[in-house]
Each structure stands twice: as C-alpha cells, then as structure tokens.
Amino acid sequence: MSLQPILELKNVHSGYGSIKALKGLSLRVMPGEIVAIIGANGAGKSTTLMTICGIVKAEKGEIYYNGQLINTVSPEKLPTLGLCQVPEGRRIFPRLTVMENLRLGAFYRNDTDQIMEDIQHSYKMFPILGERKNQQGGTLSGGEQQMLAIARALMTKPKLLLLDEPSLGLAPIIVKQIFDIIARINKEEGTTILLVEQNANLALQAASRGYVVETGEITLEDEAQSLLNNPKIRKAYLGE
Amino acid sequence: MIQEFKKVWKHYTIGILWLLGLLWPLMGIHPDGTLTFQKTVTVWSYILAGSFVCLMIYVMKAGDALKFIATPASRIAGNIRTFATALPTWVWISATLIFALAYPQFAGRYGTDVAITVLFYICLGLGLNVVVGLAGMLDLGYIAFYGVGAYTYAILNITYGLAFWVCLPLSALTACIAGCIVGYPTLRMRGDYLAIVTLGFGEIIRIILNNWMSLTNGPNGILGINPIGIYIPIFENGFTFEHIWVKKLQFFYYFALALVIVAVIAVHRLNFSRVGRAWESIREDETAAELMGVNTFIYKLLAYAMGAVFAGVAGAFFAARMKFVSPESFTFLESAMVLCMVVLGGMGSIPGIILGVIALIALPEIFREFQSYRMLIFGATMIIMMLFRPAGLIPAKRMGTRSEEKEG
C-alpha cells in the first residue's frame, strides 16, 4: 500500500446557492480500502460525493485525486482518470437496454474488443444482467437496476469507486447481495471504494474505516470495528 | 349492454351539450349583429346522430354484442401484423423505394408537388428528430435554420451567381454556424426553459430576415433564384457535356428523393453510433451521462448543429424549388408543424417520422374539399392519434435490436 492517499479532501466547502451543505469537510482514502461515510439525512453525504465528482462545485478547499488537484476538472473527465460514481437512486438510463447502459459506462474507451470482453465479464459477475441484456433498463427491478448501475460504473475501469446509498429502497436479501458484490469488487479488482450509507450497520461491517458526517463536517473518524462498538454511534445511528 | 350504456351516457350528454355551446357562437352570431339558431341546430343534430351511432357501436362492443364481427376482424388484424413483422426490413425498404421512384410517373403535377413538400418535411423531421428524439431537447425554433439555409443559397446565387452545388455545402455550413451560435448560450438550460429560449431565437432569426432590407430584401423576399443546374453527357458529336436547369417538377422530385435517402442513411448511422448513444444517454439522464464521461455540453451542441445542418440542406433545396424565398415561409407555425410530425410519427423512429410527415401533409390535402373545416378535422385526427398511439404511429424500436451489434 502506497503512502499517498488516492483521494484527499481538505477543508472542502460547497453547497447549493445560499444553502451550505459542506462546511470544511476533510477526509482521506488510501488505495485498496473500503471507506464508509455514515450520517443522518441531510448531513451532506451525497453532496460530498457530488462535490468530488464536480457536479456540485467546491467553493473552498482542495480535492486531490492521486495527488492531482481535481477541483476544476470537469465531471466528464474523471472517468478517464479512474474515478467513477454510482449515483444515489441508481440513475441508470431507463429507455436504453442493459447492454447499451453498459456500453455507455465504457463511453470514453475506444478499445471495442476489450469493452465486449468486459461486458461479458460483468454478465458473469451479475448473471441476471446477462439474462436481461436486451431489456430496457427501466423495466428492471430495483435490485437489478442497482446491479446495473454498479456494473456500468465498473465499465469505466475505476481505481476509485464512489457508491451513494447502494441499499436505498432494496429488500434486505438484495442488500446483502449488493454488499457481497462490493466486497468482491474490492478484493478481486483491487478497486478502492468510498461508500455513503444511511444503513450504518451494514456499511461499517463492509468497510475498513468509517467517517461520521454531521451538518457538513466530519465529527468522527475511526476504524469501522471501533465505530461499530462506539456507544455514541450505536445510540445515534444503530438505533440502540 | 344496458349497463355499459349507463356508464357512458352522462359523459356523452355533457360532451354533446358542450359542443352545442361551442358551435353556436361560431355559427349563430353574425357580423351584422343578428342571431340565428337554425343552422347551428342542423349541424349539431348531424353531429349528434353521427356520434350517437359511434357511441352505440362502442357500447355494443363493450357489451360483447359485436363479437361476431370483432373476433374475425381482430384475427385478420393479427394475421396482417404477424405477416408484416415476418417480412425482413429490406423488403419494406425496397418496396418503399420502388414506390417512391415510380411515384411521379403516375401522380401528375399536383401529386408530385405535394410529394416534394413531403420530402422536404421528411428531411426537416429527420433533422429535428436528432435534436428532439435522440438528444431530448425540445426545440421550438427549428425552422429558423431551414430559413438560414434557404437564404444562404438565395443570396449567394443572386449576388454572386454561385451554382446550387457550390451553395449546398455553404448552406449546410451557415446553418451549422447559426446552430452553434444559437446553441452555445441556450443549451445550458433544460426542459421548458430551453423550449422557450429556442422559440425566441427562432423568431429572432425570422425577424432579422424580415428587417435586414439591404441583404434579404425584407418581407418582399428574394425573387429569381436559379434552379438546380446539372451537366449531362451528350454523345452525339464526340463526348461533351450540356448544362441544363432542373425545372421540370418530376425531375426535381428525384433530387429531393436523393436528399431524403441521404438524410435517412445519415440519421440511421448516427443513431447506431457512439455519438447516438451519447445523445440518448443525455436524453435519459444528463447528470448520469456526465458521471459516465459524456461531455454533455459538446454533445448537445453537436446534436443542435447536426439538426441545423439537415435543415440548412433542405432549405437550399427549398429555395431552388420555389425560386423565391421570403420570411413568411419560416414562421413559428412551421416549427410547430415539424415538431408535430416528429412526435406524431414516433420520436426516434425513422419510418415513424416518414409516416408522420405523410399523414400531416397529405391529410390537409385530402380534406381540401372541406374548406375551412379541414383544420378542424386535422386537429381532431391529431387528438385521436395521440390518444390511441401516444408513442407515435411507429414507435422507435428499442428492445433487442440495437444491442445485438458486435456482441462477442
């Protein structure tokens, strides 16, 4: 493991107009880790990811990816650098087929043969997508759509994958499948994962480290296991 | 059956009374201040009788009383449908092509004239389809680029005497530049806002054409534009070329047909390309497309400019056909018309657009005998079509077909 963090946020401020969502948020992700960001509704979790991707512009502070300042890099360049997000609510392309969705993940790549191989690879990883490759994305179930969104992001060959609420609105058994897949991606492909979750229990079990966000700031940072055992966290986020 | 009737009679009565209320001011109030009822009631009673028959048929159908007709009818319809889908696409394409090629031979002057208009609108519809159907941007000022193309040819031809074939790419280029100029500031908007801004820009271009007297001759338009000129080889005494003007309508028809064939092939290729996929992703979800590495702004601008190119080329042909251009040909109504054709035919589907254009151009022509009522019939037909086929006459085919490409 190299000593340089793959992603580092330093004192980042951002927001929507007069509403400030992030007020000096700092965090770092080392290569190969799974890091979870947990927090309540409206704490700024999704905004953090959107700010990293440049969809929401950072007003202050620095965002480094692999040592490169990416504040001013436009969002569509990031996949070429190996940074990709699975946005909240999946946001697959509903009227395009599964296959086309996957091909859009590989949009910036030109190596058609390799893309086709990768699509076959994702069908192996998500067999259900292979069965439904000619179906429109919008006709898939919620869990399948989430898998499609993850598969689509993997098509960009990310080094760092940002996942926003992968468990949103899914049945517990599907959630478990999704988290198994996340762990597999991390282990087999060596992809670093930054995970945002409301379901703190699940997220912290999957992650190696965790951050707690409250009103746009990091209030706590620790190993995932110790966060799980932290009585304050248990009370606030695990409902005990 | 009685039960079915009970369900609908209330709506029917309200509807027919509402129609009476609508008809009377239109037909019964005269400009000299007199009020009559006779004519209104007569017309209304015809409509009443006609619609009552329709209602009874509907009720009987809902009550299964028409089974003896409906069952065989639906079987025949089903057979036709399976037959139609069983035929490979190339059969359809070649049949259409043969029909299109043979058409002027038996259509006569008037028929050919209408057909040329249809071909122009097909080209426009295909161009607008790139913007609206593929990239999902509602463009209400599209006809302006048609005007830019037409005026480019008109002005270059009149002032510099440039030939049609030289001006054709120039028309495409100026339309493209106009598209970029309009698109650059407007494409940052989405949805309704974009529609309003494009509407405004369309009008601006028309008003410029109307007021720039020194260049465009204002509302008087430009007269005396040369038709298409071609060289044909003559073998009589040696091998020489003779220059002729394409003045005959039948002859011109084939040029317009060639234009449409090129446009269809171009749109088809675009649709199946990487660019087409990028456009569709933008239509589906702009943020997600951006996250996947699609430069949304550039691709939106490209779609807009591409649509403008189609319109510009069609415009040059239009100017060559009419030998006259004036700003009146490029009003908002035309934009709305083209948009109607695209939506009615089926956004994103090439055969759908062709059918939509034919329906919207041919219908008013067929109903010409009804005089002032033809627009009413036209409107009613559109409402009915949208009710029964909301995705268009021939909806864009999605599932399966496109994904088969190059699969390993």
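What follows draws every value from the coordinates through simple rules; no lab data is involved. From a predicted model like this one, the values you see are computed outputs, not experimental measurements. Note that we place each Cβ from the backbone using ideal geometry, even for glycine, and neighbour counts take in every protein chain shown.
Run through the DSSP bridge list for the protein assembly as shown and note the antiparallel percent, rounded to the nearest 5. Of all bridge pairs located within the protein assembly as shown, approximately 65 percent are antiparallel. The tail of the calculated P(r) for the protein assembly as shown, taken as Cα-Cα distances beyond 50 Å, holds 30 percent of the pairs. Projecting label points 7 angstrom from Cα along Cα→Cβ for B:ALA49 and B:LEU333 puts them 3.4 nm apart. Against the empirical 2.2 N^0.38 Å (N residues), segment B:151-191 has a Cα radius of gyration ratio of 1.51. Each Lys and Arg Cβ is given +1 and each Asp and Glu Cβ -1; about its Cα centre, the protein assembly as shown then shows a dipole of about 1020 debye. How far is helix B:89-128 tilted off the main Cα axis of chain B, in degrees rounded to 10, range 0 to 90? Helix B:89-128 sits roughly 90 degrees off the main axis of chain B. Farthest toward the positive end of the dipole of the protein assembly as shown, out of B:VAL309, A:LEU25, B:VAL41, is the Cα of B:VAL41, where the dipole comes from beta carbon charges about the Cα centre. Each part reduced to its alpha carbon centroid, segment B:1-41 and segment A:93-146 end up 56 Å apart. How far, in degrees from 0 to 90, does helix A:172-184 lean away from the longest principal axis of the Cα atoms of chain A, to the nearest 10? Once rounded, one gets 90 degrees. Would you mind classifying segment B:178-224 by shape? Square roots of the alpha carbon gyration tensor eigenvalues, ordered a ≥ b ≥ c; an a/c under 1.5 is rounded, otherwise it is prolate if a/b is larger than b/c and oblate if not. Prolate shape, in that a/c is at least 1.5 and a/b is the bigger ratio.
Remark: segment B:249-261, residue by residue, has Karplus-estimated 3J(HN,Hα) of 4, 4, 5, 4, 3, 5, 5, 5, 5, 4, 4, 5, 4 Hz, where x stands for each Gly or Pro and the curve is 6.51 cos²θ - 1.76 cosθ + 1.60 at θ = phi - 60°.
The alpha-carbon atoms of segment A:185-240 define a convex hull whose volume equals 83 cubic angstrom per residue. Overall form of segment A:39-152: oblate. Here a/c, set by the Cα gyration tensor axes a ≥ b ≥ c, is 1.5 or more, and a/b is not larger than b/c. Quick check: from the Cα gyration tensor, does segment B:1-139 come out rounded (a/c under 1.5), prolate or oblate? Because a/c hits 1.5 or more and a/b fails to exceed b/c, segment B:1-139 counts as oblate. Inverting the pair-averaged 1/r between distinct Cα atoms of segment A:154-198 gives 11.0 Å as its Kirkwood hydrodynamic radius. Of the residues A:ASN134, B:VAL182, B:LEU363, the one whose Cα sits farthest towards the positive end of the charge dipole of the protein assembly as shown is B:LEU363 (charges of +1 on Lys and Arg Cβ, -1 on Asp and Glu Cβ, taken about the Cα centre).
Helix content alone sets the calculated 222 nm mean residue ellipticity of chain B: runs of n ≥ 4 DSSP H residues at -39500 (n - 2.57) each, divided across all residues, give -24500 deg cm²/dmol. For segment A:109-185, the orientation-averaged shadow of the C-alpha convex hull comes to 5.4 nm² (one quarter of the hull surface). Principal-axis analysis of the Cα atoms of chain A puts helix A:112-125 at an angle of about 70° to the longest axis. Summing Cβ point charges (Lys, Arg +1; Asp, Glu -1) relative to the Cα centre of segment A:1-115 gives a dipole of roughly 380 debye. With Cα atoms as the point set, the radius of gyration and Dmax of segment B:223-327 evaluate to 20.3, 67 Å.
When the chymotrypsin sites (Phe, Trp or Tyr not before Pro) in segment B:270-352 are filtered for DSSP coil states and for at most 14 other beta-carbon atoms within 10 Å of their beta-carbon, the remaining sites are B:PHE272. When the alpha carbon gyration tensor of segment A:91-240 is reduced to an equivalent ellipsoid, the three semi-axes, largest first, read 31, 16, 13 Å.
Computed from point charges on the beta carbon alone (+1 for Lys and Arg, -1 for Asp and Glu), the dipole magnitude for chain B about its Cα centre is near 800 Debye. So in chain A, what percent of DSSP beta bridges are antiparallel if you round to the nearest 5? If we restrict to bridges inside chain A, about 55 percent are antiparallel.
For chain B, modelled as a GNM whose springs connect Cα atoms under 10 angstrom apart, the maximal fluctuation among B:VAL325, B:VAL294, B:VAL43 occurs at B:VAL43.
Max-minus-min Cα coordinates of segment B:69-157 on each principal axis give 60, 39, 28 Å, with the largest extent listed first. Taking the Kirkwood radius as Rh and the Cα radius of gyration as Rg, segment B:332-401 has a ratio of Rg/Rh equal to 1.03. Taking the inverse of the mean reciprocal distance over all distinct Cα pairs, the Kirkwood hydrodynamic radius of chain B comes to 24.3 Å.
Positive end of the dipole of the protein assembly as shown (Cβ unit charges, origin at the Cα centre): among B:THR85, A:ASN110, B:CYS123, the Cα lying farthest that way belongs to B:THR85.
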